[in-house]
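Written out below as structure tokens is the structure these notes cover.
The values are calculated or read from the model by the stated rules, or taken from the named source; none is laboratory data. From a predicted model like this one, the values you see are computed outputs, not experimental measurements. Glycine gets a Cβ as well: all are built from the backbone with ideal geometry, and neighbour counts include every protein chain shown. Quick note on the areas: whole protein, heavy atoms, side chains included, nothing else; ligands and nucleic acids left out. Shrake-Rupley method; radii C 1.70, N 1.55, O 1.52, S 1.80 Å.
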Amino acid sequence: MKKLVLITIVAILMVPAMLVAQTATGTLTVNATVNSSINLVFNSDAAGVALSAGAGTNNATLNFGNVSAFGAVAAGITRTTAANNFTVSTPVDVLVTKANSASANYTLKAQLGAADAVNTWQVGGVGVTNAAQSTITATGAYGSNVAEAIALTIPFATANATAISNTINFTATAN
């Protein structure tokens, strides 16, 4: 009996040793390199036509709606009439922000997405075509909306109900 009690006691004493959890350890080294970046978004300007889609993003839509050389124009549109054409324009806010950058300012350029042999386009008073990027500003300030007038000049010879559509591609480059 003593032998049985002794074996039982030894077995009971060994149980905690067998129930101890097995562990392993490791070390993960984490590295990251921070790159500077800038971001460009379009916002509706309070004095202009509201963007019809995409405000607050870098892919927005400006719709002048129905325009004419004479008569009423929609709110937010400025129209000027010359001898053979008329121009409609409205401001659109361009917001360029930066992160992790020592850049003091940026250059803003614009270019039409497709050729337009009939109408004339401007951004901020600077003519834009599809042939090459045009510099709109060489030293733009980060972090605030900058109103850029989008202007479209249409000849009087343009037929009634002609739809005009194009894209203006903007590029902001940190200086």
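I want to confirm something. Restricting to the range 100-124 and keeping residues that are in a strand (DSSP E or B) and open to solvent by 40 Å² or more (accessible area, probe 1.4 Å), which single residue is nearest to Ala157 (Cα to Cα)? My answer is Thr120. Determine, yes or no, whether Asp93 is acidic (Asp, Glu) and farther than 30 Å from Ser36 by Cβ. No, not satisfied. For residues that are under 16 Å from Asp93 (Cα atoms) and of a type in the set (S, T, N, Q), scanning just the range 140-161, find the one that is most open to solvent (accessible area, probe 1.4 Å). Filtering the range 140-161 for residues that are under 16 Å from Asp93 (Cα atoms) and of a type in the set (S, T, N, Q), the one most open to solvent (accessible area, probe 1.4 Å) comes out as Asn145.
Of all residues in the range 125-134, how many are open to solvent by 40 Å² or more (accessible area, probe 1.4 Å) and closer than 21 Å to Thr87 by Cβ?
6
Look at (1) open to solvent by less than 70 Å² (accessible area, probe 1.4 Å); (2) over 20 Å from Asn119 (Cα atoms); (3) of a type in the set (Gly, Ala, Ser) and you find that Gly65 fails only one, number (2). Take the range 69-94 and flag every residue that is assigned to a loop (DSSP other than H, G, I, E, B), at pLDDT 95 or above and open to solvent by 70 Å² or more (accessible area, probe 1.4 Å). Within the range 69-94, Phe70, Ala75, Ala83, Asn84 meet the criteria. Just the residues that are of a type in the set (Gly, Ala, Ser) and either under 22 Å from Asn145 (Cβ atoms) or at pLDDT below 95 (or both), please, taken from the range 95-125. Those that are of a type in the set (Gly, Ala, Ser) and either under 22 Å from Asn145 (Cβ atoms) or at pLDDT below 95 (or both): Ala99, Ser101, Ser103, Ala104, Ala110, Gly124, Gly125.
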